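The values are calculated or read from the model by the stated rules, or taken from the named source; none is laboratory data. Keep in mind it's a predicted model, so treat the numbers as computed, not measured. Neighbour counts are summed over all protein chains in view; Cβ atoms, including those assigned to glycine, are modelled from backbone coordinates with ideal geometry.
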């Protein structure tokens, strides 16, 4: 045997011994939620390093995102930016789509959202119904010197991620009831913040958190607006202005996270920039803006339809 083969075999044996310790009934080296996350992720995640990456991300989100926003992102090459967006990305949600996630009343089997989340990796979704939900501190807001308030607005959804966050962050995370989750979503919408479902390859290769994003702090929006990275996929809708109701007050122009609205006598939506988040709808004092379905903006992420495979997403 060559030294390389011997080293490989030794590594496998070490991994096997570690597995018996970590996953066996006598395993006490890691917290229960960590062992469960590793079990769900399987050996592949342990051997390729994604399990360690996911642990660091979920355990120290504030520090991780501060490093990413201030140090790594500005130094990435175009190729590096593309690789990052392929592995760490979000689907913009309308307010009712976000609420549908936390009020889901039936399980969604594991499925690859290839047509809904147009990225090559990290686009699986699996949820029980009703899903477990916990809220913890937003790493993006904490990464800013004067981040937006409140900061406890990131909603992790589903197991084993909820238990992991609660067990590793007992001082800064708490479980939410369905009513509390809905209240948080509605309060953030009223503040002019958008909802987004985030996926990451290191977090079990699937959807893991429902974010309430502000344009001044959010990594995804900053990456898109300042670095040209397509971190976010549109909701499947686009904003539409009723010219008769529009008072040209410019509230929508100021509120839009993606600079997709310009007011000159009346509000005009730039189709190519609109992500269909619905922030402008909530901020317009005259009810002059609505969201309309637009096939050019992709398929919506609507868990109510995903729970019913026979129903088409195209409507």
Looking at (1) without any contact (Cβ under 8 Å) to a residue 60 or more places away in the chain; (2) within 17 Å of residue 97 (Cα to Cα), can you tell me which one residue 286 breaks? (2)
Leading residue by the ranking (surrounded by the fewest Cβ atoms within 10 Å (Cβ to Cβ)) among those in the stretch 153-176 that are over 19 Å from residue 200 (Cβ atoms) and out of contact with any helix residue (DSSP H, G or I) (no Cβ under 8 Å at 6 or more places or on another chain): 171
Over the stretch 75-91, the set of residues outside any helix (DSSP H, G or I) and within 20 Å of the chain's Cα centre (by Cα) is 88, 89, 90, 91
Could you grab me the full set of residues in the stretch 97-113 that are under 16 Å from the mean Cα position of the chain (by Cα) and exposed (fewer than 14 other Cβ atoms within 10 Å of the Cβ)? 112
Could you please give the count of residues in the stretch 289-304 that are in a helix (DSSP H, G or I) and either at pLDDT 95 or above or crowded, with 19+ Cβ neighbours inside 10 Å (or both)? 4
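Here is a yes/no grid of residues against (1) modelled with pLDDT of 95 or more; (2) buried (at least 21 other Cβ atoms within 10 Å of the Cβ); (3) in the same structural domain as residue 112 (by TED's automatic domain parsing):
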position: 228; (1), (2), (3): no, no, yes
position: 249; (1), (2), (3): yes, no, no
position: 257; (1), (2), (3): yes, yes, no
position: 261; (1), (2), (3): yes, yes, no
position: 273; (1), (2), (3): yes, no, no
position: 279; (1), (2), (3): yes, yes, no
position: 282; (1), (2), (3): yes, no, no
position: 287; (1), (2), (3): yes, no, no
Of all residues in the stretch 132-144, which are part of a loop (DSSP other than H, G, I, E, B) and either crowded, with 21+ Cβ neighbours inside 10 Å or under 14 Å from the mean Cα position of the chain (by Cα) (or both)? 138, 143
Lone qualifier among 229, 224 - being within 18 Å of residue 118 (Cβ to Cβ), touching a helix residue (DSSP H, G or I) at 6+ places or on another chain (Cβ under 8 Å) and not in a strand (DSSP E or B): 229
Of all residues in the stretch 192-202, which are out of contact with any strand residue (DSSP E or B) (no Cβ under 8 Å at 6 or more places or on another chain) and more than 18 Å from residue 67 (Cα to Cα)? 192
Sort out which residues of the stretch 116-131 are crowded, with 21+ Cβ neighbours inside 10 Å and out of contact with any helix residue (DSSP H, G or I) (no Cβ under 9 Å at 6 or more places or on another chain), and write them in order of number. 117, 123
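A quick yes/no check of all residues on (1) at pLDDT 70 or above; (2) surrounded by 14 or more Cβ atoms within 10 Å (Cβ to Cβ); (3) part of a loop (DSSP other than H, G, I, E, B); (4) not assigned by TED's automatic domain parsing to the domain that holds residue 126:
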position	(1), (2), (3), (4)
5	no, no, no, yes
8	no, no, no, yes
13	no, no, no, yes
16	no, no, no, yes
29	no, no, yes, yes
35	yes, yes, no, yes
44	yes, no, no, yes
58	yes, yes, no, no
62	yes, yes, no, no
Restricting to the stretch 92-124, what's the tally of residues that are under 17 Å from residue 307 (Cβ atoms) and assigned to a strand (DSSP E or B)? 7
Can you confirm whether the stretch 183-197 contains a residue that is surrounded by fewer than 23 Cβ atoms within 10 Å (Cβ to Cβ) and modelled with pLDDT under 95? no
